[in-house]
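J.: Sharing a structure with you now.
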Amino acid sequence: MQPVVHFKNVNKSYGALTAVDDLDLAIAPGQFVTLLGPSGCGKSTTLRMLGGFDSPTTGEIYLEGKPISHLPPNKRNVNIVFQDYALFPHLTVGRNIAFGLELKGMGSAAIHRRVGELLALVSLEDHAERMPAQLSGGQRQRVALMRALAPDPNVLLLDEPLSALDAKLRQQMQIELKSIQKKTGKTFIFVTHDQEEALTMSDVIVVMNKGRIEQMGGPDELYARPRSRFVANFIGQSNFLEGTVASVSDGIAAVEWRGNLVRADVNGTSPIPGDHVTVALRPEAVFCLSRKPEDRPSLKARIDQRVFKGAHTSLTVMLDNGSALVAQIDPVALSHIEGDDVWVGWRDSDAVLLAK
Amino acid sequence: MRTYFNDLPKTALGASYWIFAVYLVLPLALMMAMSFKDANFIAFPIGNWTLSWYGKVVQDKQFLEASLYSIGIALATTVSATIIGVWIALLVSAENIWGKAVIFALACLPAVVPGLINAISMRIFIRAVDIPTGTFAIILAHTVHAVPFVVIMVLTRLRSMPANLVDAARDLGADPFIAFLRVTIPYLMPALFGGMIFCVLTSIDDFVRTFFLGGYQPTLPMLIFAKVQGGMSPEINAMATIVLVVTTAVGVYAEHITRRSRS
């Protein structure tokens, strides 16, 4: 399938600063794609280049196969939802949504119908005559979304649109956004620094760092199989075990880690014995038992800190080899407190080798 | 005792404010009171009260002509100063403009140059480029004087404008001109309105520039000045009172509108 958006070797630099570094990114139509990364990683610049507010220093951007880098924003069939919504303060909600339709030369009856449909989509039918200042944050967000969708763009761009909302509303809007994306079948490109937003809504997450793509894939894949320390740390939490590869067989590497031999999935890398590697291990993949299990490998440890987190409890345990591990456990299953001895371990496939 | 001393600065401030307020209002009140005096000289006591001076003023052809002339000049000044002022404000607020600070400083210069100096230099200038004294020259001078105020008001408003508003309009299909017309101008409206009222009031009020650049036809301040030279009379007070009431009304109305559109 032809990608709806294709960045080909796109670079963007501001003087000596490189914002986007040789970006190669193809986005399939109809997907909810999230550009995820810390501030300054180039995700917003990428979005602005697609919207037409910045132009690549070198390289080309294709929209449905046609190069668009030279086109001004008003000549591109993409629309953007801005972080601060940018609703026109002097126009009513209805006129805000109609803005793009009027410029397209649509007749007033057709505009009226379309605005009605769009407002119904977000249950704001009776707010058409309100001014933006009279709306709540969530309502403004919905109006900005509908205004951007009104001209029927090929691709909808969303620039951290949920960051101004409080936590409850943000979760609600995540579900709503995803459902609108499904209903309309449009390609959504969503920019955020919030990993939870990315995991909740995306079909594909593109993790960016220092102007480059760090890793790209489905949320479950990125979570379970991070390729780099950056991704493993940015999405969720991880323990990192640094050691030397002792042997490799059947996609499982045995790693010499501070006097212990631990096992981890090679995760697409091809390590050879003697390589220095980092193993990433999710806290929830670590089990803690009061007695040494017979059927699987485990290490002896002492509980250093026990923190109640509601749904789960976080344990920091100190191993005999002097390293700390964070484990996430069911508080009911293990009642041990600080200073108690436990046995910790994990399934071989839950620990992964990192490529860098 | 303690509270008395603590409150002393506050009390002193309050009291001095009221003294100032009285000083501000009393001359105006006196002027207005005298316009109702039934005699052709100004002195206490007022004695009999009359409205006849107002009757005389509104039938005074000279007064009416001067008023219309002043209003015409004020309107022309407002239009030209607003256009030039908005243009300069946009220039100064735009990115990638070389010499922004210089443009801004030059635009604001007329606000700080003394009126008399301004008037004399303008007189020399129009002489040099062969513009006759009269209506056009007056409008020219009033415009130069009014532009800085428009620039500052518009610039203040522009700086509070989210940059994304124009981007959003562009994104939705507007070219730069349409975006300016449909988003920037409506956003600037309160500042434009305030600036325009200010232009009208400074133009109507101006005496020095008009005096140096005017022709034979008198504006309102020139007419009143001429009449004062012939001796004070309650008729002049009546004229001044009318001007005061009208301009105050315009100012209060403008303040009201600006305040409403900001909230």
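The values are calculated or read from the model by the stated rules, or taken from the named source; none is laboratory data. These figures come from a predicted structure and were not determined experimentally. Cβ coordinates were reconstructed from backbone atoms using ideal geometry, including for glycine residues, and neighbour counts include every protein chain displayed. Side chains are part of the model used for accessible areas, which takes the heavy atoms of the whole protein and leaves out ligands, DNA and RNA. Shrake-Rupley method; radii C 1.70, N 1.55, O 1.52, S 1.80 Å.
J.: Enumerate the lysines that B:K227 could reach by cross-link, defined here as Cα to Cα under 27 Å, with residues fewer than 8 away along the same chain left out.
T.: B:K37, B:K56, B:K61
J.: Quick one: accessible surface of A:K292, probe radius 1.4 Å, all protein chains present, in square angstrom to the nearest 10.
T.: A:K292 exposes around 110 Å² with every protein chain in place.
J.: Taking accessible area as the heavy-atom solvent-accessible surface of the protein chains with a 1.4 Å probe, which residues of the stretch B:125-169 lose no less than 40 Å² upon going from the isolated chain to the full protein assembly?
T.: Residues shielded by partner chains are B:N164, B:L165, B:D167, B:A168.
J.: Express the C-alpha Rg of the stretch B:171-225 as a ratio against the empirical globular expectation 2.2 N^0.38 Å, rounded to two decimals.
T.: 1.86
J.: Can you check how the C-alpha radius of gyration of chain B compares to 2.2 N^0.38 Å, as a plain ratio?
T.: Normalised Cα radius of gyration, chain B: 1.27.
J.: Loop only by DSSP, 10 or fewer other Cβ within 10 Å of the Cβ. Give me the GluC sites (Glu not before Pro) in the stretch A:243-311 that pass, ordered by residue number.
T.: Passing sites in the stretch A:243-311 are A:E294.
J.: If you don't mind, another one. Taking each residue in A:80-91, count the Cβ atoms of any other chain within 10 Å of its Cβ, then average. What number comes out?
T.: The per-residue average across the peptide is 5.
J.: Give the ranking of B:W49, A:W343 by solvent-accessible surface, highest area first, calculated with a 1.4 Å probe.
T.: Output order, biggest surface exposure first: B:W49, A:W343.
J.: Taking only Cα atoms of the stretch A:206-266, what ratio of Rg to Rh do you get with Rh as the Kirkwood inverse-distance radius?
T.: 1.04
J.: Cα to Cα, under 17 Å, and not fewer than 8 places away if on the same chain: which aspartates and glutamates meet these conditions relative to A:K168?
T.: List returned: A:E160, A:E176, A:D194, A:E196, A:E197.
J.: With both bridge residues required to lie in the protein assembly as shown, what share of the DSSP beta bridges run antiparallel, to the nearest 5%?
T.: Values: 60 of 79 bridges.
Beta bridges within the protein assembly as shown, antiparallel portion: roughly 75 percent.
J.: Summarise the accessible area of the stretch A:238-353 (1.4 Å probe, protein heavy atoms) by the percent that is carbon and sulfur. Walk me through the numbers before you get to the answer.
T.: Working: 2870 of 5980 Å².
Exposed carbon and sulfur together represent 48 percent of the surface.
J.: How large is the Kirkwood hydrodynamic radius of the stretch B:1-137, counting all unique pairs of alpha carbons, in Å?
T.: Final number for the Kirkwood radius of the stretch B:1-137 is 21.3 Å.
J.: Take peptide B:173-182, look around each residue's Cβ out to 10 angstrom, count Cβ atoms belonging to other protein chains, and average those counts.
T.: Counting Cβ atoms of other protein chains within 10 Å of each residue's Cβ and averaging gives 4.
J.: Just to make sure I understand: if all protein chains stay in place, what is the order of A:D194, B:D7 by accessible area at 1.4 Å, largest first?
T.: Details: A:D194 35, B:D7 75 Å².
From most exposed to least exposed: B:D7, A:D194.
J.: Give the Cα extents of the protein assembly as shown along the principal axes, in whole Å, largest first.
T.: 121, 77, 50
J.: How fast does the stretch A:238-353 diffuse by Stokes-Einstein, in µm²/s, taking the Kirkwood radius from C-alpha pairs at 10 °C and 1.306 mPa s?
T.: Translational D for this selection: 110 µm²/s.
J.: Could you please state how large a percent of the accessible area of the stretch B:54-262 is carbon and sulfur, counting protein chains only and using a 1.4 Å probe?
T.: 71
J.: Provide the per residue accessible area, probe 1.4 Å, for the protein assembly as shown, rounded to a whole number of square angstrom. Walk me through the intermediate numbers first.
T.: Values: 31260 Å² over 619 residues.
Ligands and nucleic acids excluded, the figure is 50 Å² per residue.
J.: Shifting gears a bit: So how much accessible area does B:V250 have, in Å² to the nearest 10, using a 1.4 Å probe?
T.: 50
J.: What are the ³J(HN,Hα) values, in whole Hz, obtained from phi via the Karplus relation 6.51 cos²θ - 1.76 cosθ + 1.60 with θ = phi - 60°, for each residue of the stretch A:277-287 in sequence order, with x given for Gly and Pro?
T.: 9, 10, 9, 9, 9, 6, x, 6, 8, 8, 9
J.: For A:L35, list long-range residues whose amide hydrogen, built 1.01 Å from N in the peptide plane, is under 5 Å from its own amide hydrogen.
T.: A:F190, A:V191, A:T192, A:V206
J.: Just how large is the dipole of chain A about the Cα centre, in debye to the nearest 20, putting +1 at every Lys and Arg Cβ and -1 at every Asp and Glu Cβ?
T.: 920
J.: By the scheme Lys and Arg +1, Asp and Glu -1, what is the net charge of all other residues having a beta-carbon under 9 Å from that of A:M318?
T.: The answer is -1.
J.: What's the average, rounded to a whole number, of partner chain beta-carbon atoms within 10 Å of each residue's beta-carbon in A:47-57?
T.: On the way: counts 0, 1, 0, 0, 3, 3, 5, 0, 0, 0, 0.
Mean shielding by partner chains, rounded to a whole number: 1.
J.: Another question, then. Once B and A are treated as a pair rather than alone, how much accessible area drops out, both sides summed, in Å² to 100, probe 1.4 Å?
T.: What B and A bury together is about 1700 Å².
J.: Residue by residue, what Karplus-based ³J(HN,Hα) values in Hz, rounded to whole numbers, does the stretch A:67-72 have, using 6.51, -1.76 and 1.60 with θ = phi - 60° and x for Gly and Pro?
T.: Calculated HN-Hα couplings, in order: x, 10, 4, 8, 8, x Hz.
J.: Out of the total accessible area of the stretch A:1-155 (probe 1.4 Å, heavy atoms of protein only), what percent is carbon and sulfur?
T.: Carbon plus sulfur share of accessible area: 50 percent.
J.: Ordered by residue, what ³J(HN,Hα) values in Hz, to whole numbers, does the stretch A:33-39 give under the Karplus form 6.51 cos²θ - 1.76 cosθ + 1.60, where θ = phi - 60° and Gly and Pro are x?
T.: Taking θ as phi minus 60°, the curve returns 10, 10, 8, 10, x, x, 5 Hz for the stretch A:33-39.
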